[in-house]
Each structure stands twice: as C-alpha cells, then as structure tokens.
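Reading through the structure tokens given below for one structure.
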Ligand SMILES: [Zn+2]
C-alpha cells in the first residue's frame, strides 16, 4: 500500500509485456494469475479494483502510459503528473518517465 496507483501503473508499463488486442489491451497480472483486459477508451478493466470500486486501476494507468509512449515516439511528452495524493513520489516518477520515453532511434 506504499505506492499510489500512478506509481504502480508506471512500474507495470515499464516492466510488463502489455500487448494490444483489437480495441483492448492485455496487461499481465502482477500476482501471476493471467492477464487483465483493459479498454482505455471507456476506460474499463476487468480486475476487481476497477469492477468493484470503479476506480481507474493501475492496469488502465499502465496502458495509458504505453499509449503515450507510442504516440510520442518523436520524443515529445505530454504526460501530466496526476499523483496529487502523494507528492513525495513525484521525483522518482519523473525519472521513470524519462526512462520510459521511446528510444525511437534504437
Ligand atoms: Zn485493472
């Protein structure tokens, strides 16, 4: 519980293999039990955190990061920090975001 969802989503985006399937994205469960299906446009995810609590879960956040990463492969970034619930993590988040930016020339 020490990490805000934004941070967890970022970690998933950085480490997990997230694949697009039609309009949905498949995000591996961090507990190792299968994958969650995320539709970032609604947004919707079939994990308990979203379905039971109606919050934007870490899977949706992770997919949003992946989409942003792909959309801005030219190097520009429009990621807005929204982790207003825990301002103390913003420095690490910025570092992670820099690492996440697409190395399109690689
Ligand atoms: Zn979810």
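Read-outs: derived from the displayed coordinates by stated rules, not from any lab. The structure presented is a predicted model; accordingly, all values stated were derived computationally and were not measured. Neighbour counts run over all protein chains shown; Cβ positions are idealised from the backbone, glycine included.
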Sort 36, 65 by Cβ crowding within 10 Å, fewest neighbours at the top.
65, 36
Fewest-first ordering of 17, 5, 69 by Cβ atoms within 10 Å yields 17, 69, 5
Pairs of Cα atoms under 8 Å, at least six residues apart: use those to get the relative contact order of region 5-79, whole percent.
32
Shape descriptors of region 5-79 over alpha-carbon atoms, Rg and Dmax in angstrom, are 11.8, 38
